[in-house]
Each structure stands twice: as structure tokens, then as C-alpha cells.
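These notes concern the structure reproduced below.
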Amino acid sequence: YEYINKQKINQGSFSDVFNKKLLELNGKPVYYTLLYNNGNSLFTKDSEKDIVNEKSRITKGNETKVELERFVRKEVKIFHTPEKKGFYQYFKYDDDEFYRYSEPELTSISYKDDVEYVDIYKCKLVEIVLKNGNIIKLWYTEDVPISTGPFMYNMLPGLVLKAESSGFIIYA
């Protein structure tokens, strides 16, 4: 899957040079993998190298101190089993790693008559509204008869090949 962020990256208090690097990243795809076996799925992205910029270099005598700016894309792992409505999401804090179970908080699911082709697959449209009011459009195909997709989108009668919102687009 290719994920494209459509929201502005929080540039914080970075230098102009580093902010320019971050702006160049925005809109470029980040690659994910969806693995599926017997109803179980794992949606994952390995942690990428941090984006690092040398902000300043100060030399005093024989000692040089370098101040770095760092932007990190965190590792993503989302695991779904067919027995559960929700999913397990991976987190890492410092050196501790764990999964947290969550269930999607939806206020509505609307099946639409729209059809779109993603690659060679005929896909149907579903619009979901999350509890926070965000609307996500999901395009799924019944040509691949498995109920899974990227992130938490595994509740449809087929494979989700495309998801889009005001903040992102992801497609197989």
C-alpha cells in the first residue's frame, strides 16, 4: 500500500532548512505491507530512518558539539483476528513495546452505489463516519473474498484497496 499524507506536517521550531526538507516529504508516498492468512491480518510499516539535519556545529578547543534536528516516522503494526471486531495496535515507548486492543468508534456506515476500478479490481464505495466526525471513503472489492484492509478498515465484505479522507489517501 502507498500512504500519502495530505495534512501539513507539524514543523515545530525547526530551522528553515529542515522545514523545507519536511515540506518536500509531504505528499510523497510511504509504503506499507498487508499480510493475510486464514482470517488474520497484519498491516505494517517498518520504522524508517529518522530525517536528521545538522542544525549547528560549535567547536571549542578539541571538542565539537553538534545539535541535530530530528523528525521520526514511527513503526506501525496493526493486527486483526477474525474472532474480534477490533484490532491490536503496536506501540513503543522508550524501550517498552506492547499492543493495545481497540475497536473502531463509528457513528455510521453507508454503502453507496459508486463503483471505481483500483488497478483491475472493481471496487464499491462505503463511507464511514468516525466518532470524531471524520468521514472516510473506503473502496473495497469482493473479487478478493477476504475481509481486511489497511489500518483498522477490516469490517467490509471484501478487500479494501483504497481509503481516503481529508488528511490522507492510501491505496494498494
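The values are calculated or read from the model by the stated rules, or taken from the named source; none is laboratory data. What you are looking at is a predicted structure, and each value in this text was computed from that prediction instead of being measured. Every residue, glycine as well, gets a Cβ built from its backbone with ideal geometry; the counts of neighbours run over all protein chains shown. Side chains are part of the model used for accessible areas, which takes the heavy atoms of the whole protein and leaves out ligands, DNA and RNA. Shrake-Rupley method; radii C 1.70, N 1.55, O 1.52, S 1.80 Å.
Before moving on, here are some points about what is shown:
- With each label modelled as a point 7 angstrom along the Cα→C-beta vector, the V17-Y117 pair spans 4.8 nm.
- Residue-averaged 222 nm ellipticity for the chain, from DSSP H runs of 4+ at -39500 (n - 2.57), nearest 500: -1500 deg cm²/dmol
- Folded to 0 to 90 degrees: helix 16-25 orientation relative to the chain principal axis, Cα: 20
- If the chain linking I169 and L35 were pulled fully straight, counting 0.36 nm for each residue of separation and taking away their Cα-Cα distance, it would gain 46.3 nm.
- Placing pseudo-labels 7 Å out from each Cα toward the beta carbon at D95 and L68 gives an inter-label distance of 1.9 nm.
- Rounded to two decimals, the Cα radius of gyration of region 79-128 over 2.2 N^0.38 Å is 1.68.
- With protein chains left intact and a 1.4 Å probe, residues in region 58-109 average 79 Å² of accessible area per residue.
- Region 1-113 - percent relative contact order, Cα under 8 Å, separation 6 or more: 17
- Proximity of backbone amide H atoms, modeled 1.01 Å from N, is registered between G158 and T148 at under 5 Å, excluding neighbours fewer than 5 places apart on the same chain.
- 16 Å Cα-Cα reach of K85 towards aspartates and glutamates, excluding residues that sit fewer than 8 places from it in its own chain: E103, E105
- By accessible area, using a 1.4 Å probe on protein heavy atoms only, the chain has 48% of its surface on carbon and sulfur.
- Computed 3J(HN,Hα) for region 32-41, one whole-Hz value per residue from the Karplus formula 6.51 cos²θ - 1.76 cosθ + 1.60 where θ = phi - 60°, is 10, 10, 10, 10, 9, 7, 6, x, 8, 9, glycine and proline marked x.
- Highest mean packing first, where packing is the average number of other Cβ atoms within 10 Å per residue, the peptides 141-149, 37-45 line up as 141-149, 37-45.
- Charge dipole (the chain, unit charges on Cβ, about Cα centre) - positive-most of N26, I135, L68: L68
- Each principal axis of the Cα atoms in the chain has its own extent, and those three values, largest first, are 69, 32, 31 angstrom.
- Taking Lys and Arg as +1 and Asp and Glu as -1, the other residues whose beta-carbon sits under 12 Å from that of S165 total +1.
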